[in-house]
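Below is one structure, written out as structure tokens; comments come after it.
The values are calculated or read from the model by the stated rules, or taken from the named source; none is laboratory data. Just so it is clear, the model here is predicted, and its values are computed rather than measured. Don't worry about glycine lacking a Cβ; one is built from the backbone with ideal geometry, like all the others, and counts go over all protein chains shown.
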Amino acid sequence: MKGFIGILAVVYLFHRADGAAVTFTGLTGVSGSAGNTVATVSVVETSADSFLLFTVTATPASATFAFAADGNPDAIASATITAGAVKLATGKTLDKETKSSYVLKIVGTDSPDTATLTVTLTVTNRLEFAKTSYEVCVADGTVAGTVIGTYTAVDAVSGTDTVSYTNAPSTDLTVDSSTGALKVATSKTLTSATVGGYTTTITADQTGSNGAASADGTTQVKVTVGGCSGAGQIKFMAILLLMPLLLTRVF
């Protein structure tokens with residue numbers, strides 16, 4: 001599951017004894033009345049512990065916040081709301097392919113008054129590769145233009161996402177923008193003399209005029225040079241050692 005995830009501030013006034021109405025600012029698509037207000041927040045899928053989903057603030061400043069009894073489905077958010085911050089619970093994952101939305105209910109209290117905010121949390125897609133990192137090995141002296149793997153996003157939204165690829169650093173390795181094929185850069189040769197091998201990060205970017213359905217995603221590719229056939233050589237030696245025994249049994 002790159003990209004900046006916006007933190008939306010939901011500002012609302014709680015219904016009090018003097019009859020003040022609930023008022024939202026700074027968020028579109030909000031409707032409702034005192035004690036029955038609703039909002040929508042979108043976040044990109046993530047699994048980062050304590051990721052800030054959104055923040056609620058209220059007047060009076062002495063108001064406290066807690067989830068309603070049915071207000072935290074799948075315990076997706078941390079149970080305690082501190083300073084209005086609603087965060088992803090430890091060990092939880094927002095995954096659009098698994099569940100694309102949650103309805104959270106937050107009760108604000110300034111005794112004896114209360115008000116309830118219902119937030120529809122919409123999970124949007126992030127372009128993801130099959131793995132977050134790859135390790136490959138190539139022969140010493142691998143020349144320019146050699147393809148050392150193809151790395152593409154596996155969850156692009158069909159009919160909406162047009163994906164292009166870039167990589168950094170791109171001094172020794174370069175990725176084809178349309179296919180995701182990683183190649184040795186022009187005029188470069190991969191050598192075992194380069195300590196630590198070669199590492200690059202590939203970014204999948206949603207582009208085009210057909211709408212930005214998905215946030216950018218990344219994967220890291222580490223290329224080791226030389227020594228790739230070591231395991232094969234060990235296996236070959238084992239076969240040679242077995243040959244006298246096989247010949248003895250045959251004859």
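See the values below:
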{"quantity": "Sole residue being among the polar types (S, T, N, Q) and exposed (fewer than 13 other Cβ atoms within 10 Å of the Cβ), chosen from T152, T80", "calculated": "T80"}
{"quantity": "Residue count, the range 86-140 (criterion: at negative phi and not in a strand (DSSP E or B))", "calculated": "20"}
{"quantity": "Scope the range 184-226; condition among the charged types (D, E, K, R), surrounded by fewer than 20 Cβ atoms within 10 Å (Cβ to Cβ) and either more than 23 Å from the chain's Cα centre (by Cα) or not in a loop (DSSP other than H, G, I, E, B) (or both); matching residues", "calculated": "K188, K222"}
{"quantity": "Hits in the range 151-183 (condition: among the β-branched types (V, I, T), assigned to a strand (DSSP E or B) and closer than 21 Å to V136 by Cα)", "calculated": "T166, T174, V175"}
{"quantity": "Options Y102, Y165; residue that is surrounded by 14 or more Cβ atoms within 10 Å (Cβ to Cβ) and in contact with a helix residue (DSSP H, G or I) (Cβ under 7 Å, 6 or more places away or on another chain)", "calculated": "Y102"}
{"quantity": "Selection status of A115, at pLDDT below 95, under 21 Å from K99 (Cα atoms) and hydrophobic (A, V, I, L, M, F, W, C)", "calculated": "no"}
